[in-house]
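I have placed the structure first, in the form of structure tokens, so that the comments after it can refer back to it.
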Ligand code: AMP
């Protein structure tokens, strides 16, 4: 496995693979890799001849008061995990490599970014779309892998690829959880032991919502109210949002009459965590 820091090195390597007729999968990450990321790498290694991962904490997708500086980083650990999972190339650029002086082009999206994380994090998806579009242009993969953990991100990327006629396939992978249910996240390292216990309220609320959907409840307010009441039993939790949205448009819906996404964001102390389920993944009626 190689680790490279420049766009030119990535291009040269991919060009050499292409000459040999190899297919290429891409897994974009911000590093501090865990089993959630590993599941994406495994899927890519399974589907493609070669797998590239990017490890880049993208400044453009962080708001001014967010955790860009404190975001955990450990390239040695990431390299060991990636190698163990059969990754062929790590692209680990400095911000200056991705955003040269005078950088002034952006990929922006309306509608799908208006709700959920887009509402709480106004610059986030412009940063995500721009960096992911750049990575697609740099690597030119056949397939790229994203986790359902970031469900709105997955929908936004699919939409961008469709809108802008990008020539690759987007693969969505299931959420990987800790044994007790907490969705794996690099940000879980921010939690102290008391907060780590409190954070279980997210997956418990998700399990409750999924159960209501399975039992045939179709009133979105009834579902989200029950989930909010559950989260409010945890003193360390502060709700950012609990919403049911159309799975394709990310717009709120009153009744479950189409495939939907139930998504939550909850602060545990100062750490903002997210979790979700797609109704079609939990045996919902539609
Ligand atoms: P990040 O490094 O947090 O930007 O995540 C990189 C990719 O890994 C994104 O597509 C995430 O959705 C995915 N990912 C992160 N955590 C998980 C998880 N627990 N299960 C599945 N995918 C995940």
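Checking the structure you have, find out if any residue of the stretch 138-148 is within 12 Å of the ligand (Cβ to nearest atom), surrounded by fewer than 22 Cβ atoms within 10 Å (Cβ to Cβ), assigned to a helix (DSSP H, G or I) and not assigned by TED's automatic domain parsing to the domain that holds residue 228.
yes
Which condition does residue 167 not pass, out of (1) in contact with a helix residue (DSSP H, G or I) (Cβ under 9 Å, 6 or more places away or on another chain); (2) farther than 26 Å from residue 63 by Cα; (3) not assigned by TED's automatic domain parsing to the domain that holds residue 146, if it passes all the others?
Every condition holds for residue 167 apart from (3).
Can you tell me which residue within the stretch 157-190, out of those that are in a helix (DSSP H, G or I) and within 20 Å of residue 44 (Cα to Cα), is farthest from the ligand (Cβ to nearest atom)?
161
Considering each residue of the stretch 207-227, count those that are touching a helix residue (DSSP H, G or I) at 6+ places or on another chain (Cβ under 8 Å) and closer than 12 Å to residue 262 by Cα, and give that number.
Here is the first cut: in the stretch 207-227, the residues touching a helix residue (DSSP H, G or I) at 6+ places or on another chain (Cβ under 8 Å) are 208-209, 212-213, 217, 222-224, 226-227.
Subsequent filtering for residues that are closer than 12 Å to residue 262 by Cα retains 208-209, 212-213, 223-224, 227.
The number of residues fulfilling the criteria is 7.
Could you say whether any residue in the stretch 36-48 is surrounded by fewer than 19 Cβ atoms within 10 Å (Cβ to Cβ) and in a loop (DSSP other than H, G, I, E, B)?
Within the stretch 36-48, not a single residue is surrounded by fewer than 19 Cβ atoms within 10 Å (Cβ to Cβ) and in a loop (DSSP other than H, G, I, E, B).
For the stretch 108-122, does any single residue satisfy the condition of being part of a helix (DSSP H, G or I), in contact with a strand residue (DSSP E or B) (Cβ under 7 Å, 6 or more places away or on another chain), crowded, with 19+ Cβ neighbours inside 10 Å and outside the structural domain of residue 264 (by TED's automatic domain parsing)?
yes
Of the residues 275, 240, which is away from the ligand (no atom under 16 Å from the Cβ), in contact (Cβ under 8 Å) with a residue 60 or more places away in the chain and touching a helix residue (DSSP H, G or I) at 6+ places or on another chain (Cβ under 7 Å)? Lay out the reasoning, then the answer.
Numbers: 275 fails: away from the ligand (no atom under 16 Å from the Cβ).
After ruling out the rest, the residue left standing is 240.
Of the residues that make up the stretch 54-68, is at least one farther than 30 Å from residue 120 by Cβ and at pLDDT 95 or above?
In the first step, residues of the stretch 54-68 are kept if they are farther than 30 Å from residue 120 by Cβ; the result is none.
Scanning the stretch 54-68, I find no residue that is farther than 30 Å from residue 120 by Cβ and at pLDDT 95 or above, so the answer is no.
Looking at the stretch 104-120, is at least one residue over 20 Å from the mean Cα position of the chain (by Cα) and modelled with pLDDT of 95 or more? Show your work before the answer.
If we filter the stretch 104-120 for residues that are over 20 Å from the mean Cα position of the chain (by Cα), which is where we start, we get 104-105.
Subsequent filtering for residues that are modelled with pLDDT of 95 or more retains 104-105.
Yes.
The values are calculated or read from the model by the stated rules, or taken from the named source; none is laboratory data. Note that the coordinates shown come from a computational prediction; the quantities given were computed from them, not determined experimentally. Reconstructed Cβ throughout: ideal geometry from the backbone, glycine too, with neighbour counts over all protein chains shown.
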